[in-house]
Amino acid sequence: MPAIAPSLALPCQAQPAGQARAECRSEITDALLAPQASISPKYFYDRRGSELFEAITRLPEYYLTRTERALMRRHGRAIAEAVGAGRVVIEPGAGSCDKARDLCRRLAATHFVGVDISADYLQGAVARLRAALPGLDARAVGGDITAGLRLPPDIPGQRRLVFYPGSSIGNFDPPQAVALLAQMRALAQGGGALLIGIDLPKPRAVLEAAYDDAAGVTAAFNRNVLAHVNSLIGSDFDPRQWRHRAFFNPVVSRIEMHLEALGPQRVRWPGGGRDFAAGERIHTENSYKHPLPAFTALLRQAGFASTQSWTDARGWYAVVHARA
Ligand code: AVJ
């Protein structure tokens, strides 16, 4: 499995100190020392990285967030009908819970479980959700669905809806995506379902602009991963010496993000280091753009049966409902 895919384990900052931390360290340094150096995209999201991602979602070029929101509004009634009322909504990577609020209201959901690595931020968001929807039993769970999730014991096992918006599934290579989807299906067994957002293939110029915006926010987001890695492993990357690169790779239908050394770089960390030649790259992210039929094939491989989907007029994005 390429090191670039977010590993199916907790990122460093969520690990307790000690041995796990050492494992994280070597996970990062092993990837940096591989012939093709890489950093997993899960390390984008420190505090600054999360803020930069929020800013990305508001960029004119980054159509994903607003296209998904418009789709969910436009087809809200049909989606609610397909999903059914009175659901237990479980959202991995819930973050601000903004998307969950509209959905839970429409579905008259009974329960909401937000799951996120950064539990502190999530607590606040879930508290706001509770205030907005007083009938909803809303909980915050710190953790990562990819690491095998443990839900509070009083969360009903029936009528669950796993909600995974935002096209985050695109960060995973197809075999890993299937493994993650299968875990979501296991979570929703017993009459449950998945509601997931995916970004679709579209003209290359549109895709590349979305990942290399004119204001340079995505470039700052990409370079910030080096500052985060510095704080995690004690390395001395100079983010200003690395250039943001984002391009569509049509062979595997994905956007790739890399950081390219502006000049020769000597990077050191406790116990090791690496020299990079001018122009050498560190691969930081893949963002797959599966055609809808290819994605439903992944869902079938993960064991999901019937699927129903909604797409915007331009065919840029889809929301898919799949029964577990
Ligand atoms: C959060 C994974 C959906 O791939 O579009 C945005 C992350 N990277 N700009 C995406 C991201 C660069 C985003 N996901």
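Before moving on, here are some points about what is shown:
- Filter pass, Arg254 being within 29 Å of Cys24 (Cβ to Cβ), basic (Lys, Arg) and more than 10 Å from the ligand (Cβ to nearest atom): no
Here's the yes/no breakdown for (1) within 14 Å of the ligand (Cβ to nearest atom); (2) touching a strand residue (DSSP E or B) at 6+ places or on another chain (Cβ under 9 Å); (3) more than 26 Å from Ile282 (Cβ to Cβ):
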position	(1), (2), (3)
Pro41	yes, yes, no
Tyr63	yes, yes, yes
Thr67	yes, yes, yes
Ala78	no, yes, yes
Ala82	no, yes, yes
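- The lone exception for Glu285 - which of (1) over 30 Å from Ala22 (Cβ atoms); (2) at pLDDT 95 or above it fails: (1)
- The combined condition, being touching a Gly at 6+ places or on another chain (Cβ under 7 Å), surrounded by 15 or more Cβ atoms within 10 Å (Cβ to Cβ), of a type in the set (D, E, K, R) and touching a residue at least 12 places away in the same chain (Cβ under 8 Å), is fulfilled by Asp116.
- Restricted to helices (runs of 4 or more DSSP H) entirely inside the stretch 22-109, those with at least 3 residues that are crowded, with 19+ Cβ neighbours inside 10 Å and either touching a Gly at 6+ places or on another chain (Cβ under 6 Å) or of a type in the set (Ser, Thr, Tyr) (or both) are 63-74.
The rows are residues; the columns are (1) surrounded by fewer than 16 Cβ atoms within 10 Å (Cβ to Cβ); (2) more than 24 Å from Gly303 (Cβ to Cβ); (3) within 15 Å of the chain's Cα centre (by Cα).
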{"site": "Arg160", "(1), (2), (3)": "no, no, no"}
{"site": "Gly170", "(1), (2), (3)": "no, no, yes"}
{"site": "Met184", "(1), (2), (3)": "no, no, yes"}
{"site": "Ala188", "(1), (2), (3)": "no, no, no"}
{"site": "Leu194", "(1), (2), (3)": "no, no, no"}
{"site": "Val206", "(1), (2), (3)": "yes, yes, no"}
{"site": "Asp213", "(1), (2), (3)": "no, yes, no"}
{"site": "Phe247", "(1), (2), (3)": "yes, yes, no"}
{"site": "Glu256", "(1), (2), (3)": "no, yes, yes"}
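- Within the stretch 230-244, the set of residues being of a type outside the set (Gly, Ala, Ser), surrounded by 15 or more Cβ atoms within 10 Å (Cβ to Cβ) and either in contact with a strand residue (DSSP E or B) (Cβ under 9 Å, 6 or more places away or on another chain) or in a strand (DSSP E or B) (or both) comprises Asn230, Ile233, Phe237, Pro239, Gln241, Trp242, Arg243, His244.
- When Phe163, Phe247 are checked against the criterion of being without any contact (Cβ under 8 Å) to a residue 60 or more places away in the chain, assigned to a strand (DSSP E or B) and within 15 Å of the ligand (Cβ to nearest atom), a single residue qualifies: Phe247.
- Test for Asp116: is it touching a His at 6+ places or on another chain (Cβ under 6 Å) and either of a type outside the set (Val, Ile, Thr) or closer than 26 Å to Ser50 by Cα (or both): no
- Residues that are surrounded by 19 or more Cβ atoms within 10 Å (Cβ to Cβ), within 12 Å of the ligand (Cβ to nearest atom) and among the hydrophobic types (A, V, I, L, M, F, W, C) within the stretch 218-229 comprise Ala219, Phe221, Val225, listed in sequence order.
- The residues on offer are Ile155, Ile117, and the sole one that is among the hydrophobic types (A, V, I, L, M, F, W, C) and within 16 Å of the ligand (Cβ to nearest atom) is Ile117.
The values are calculated or read from the model by the stated rules, or taken from the named source; none is laboratory data. The shown structure was predicted, so the numbers you read here are calculated from the model rather than taken from an experiment. Virtual Cβ from ideal backbone geometry, glycine too; neighbours counted across all protein chains shown.
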